[in-house]
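Computed from the coordinates by the stated procedures, all read-outs in this text should not be read as laboratory data. Everything quoted here is computed from the prediction, not taken from an experiment. Quick reminder, even Gly has a Cβ in these numbers, built from the backbone with ideal geometry, and neighbours come from all protein chains shown.
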Amino acid sequence: MRRREDAWTLARETAATLRGDYGASRVLLFGSLAKGYFGRWSDVDVIVFGIPADRRAQAIASLSIEPEPSNPAHLGLDLLAAEELAPDFLAAAERDGIELDGR
């Protein structure tokens, strides 16, 4: 239970940083946390929209967190730029995802 709460906190804090520091227009949570089956080995999956191309790589590199397979308590953060995703993948994520307002 605590891990799920920590994952939601990480998702909201990431959204706030993406909006405030990088000018993101939208932040979308997708994957297991959004669908309600977040488990011991899950990471936090986020798609960001509207970050200018010249700042996108910096945002992703500074906020992404690699998972630690040997430590399930460690939360990984998989951050993807909407502008770089295949249309079908993005459509599926938008259908099942949850908008994060960063509050």
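Could you give me the residue pairs with C-beta distances under 7 Å whose first residue belongs to the stretch 76-103 and is more than 24 Å from GLN58 (Cβ to Cβ), whose second residue is aromatic (Phe, Trp, Tyr) wherever it lies, and which are 6+ apart or on separate chains?
Here the result reads ASP96/PHE30, each pair linking the stretch 76-103 to a residue that is aromatic (Phe, Trp, Tyr).
Among the residues of the stretch 32-51, how many are more than 12 Å from LEU79 (Cβ to Cβ) and assigned to a loop (DSSP other than H, G, I, E, B)?
Total meeting the criteria: 8.
Out of the residues in the stretch 45-60 that are of a type in the set (Gly, Ala, Ser) and surrounded by 15 or more Cβ atoms within 10 Å (Cβ to Cβ), which is farthest from ALA92 (Cα to Cα)?
ALA59
Over 16 Å from ILE98 (Cα atoms), touching a residue at least 40 places away in the same chain (Cβ under 8 Å) and not polar (S, T, N, Q): which single residue out of ALA11, ALA53, ALA59, ALA34 fits that description?
When all the criteria are applied, what remains is ALA59.
For every residue, the table says whether it meets (1) buried (at least 17 other Cβ atoms within 10 Å of the Cβ); (2) touching a Gly at 6+ places or on another chain (Cβ under 8 Å); (3) of a type in the set (S, T, N, Q).
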position	(1), (2), (3)
ALA16	no, yes, no
ALA24	yes, yes, no
PHE30	yes, yes, no
ASP43	yes, yes, no
SER62	no, no, yes
PRO67	no, yes, no
LEU80	yes, no, no
GLU83	no, no, no
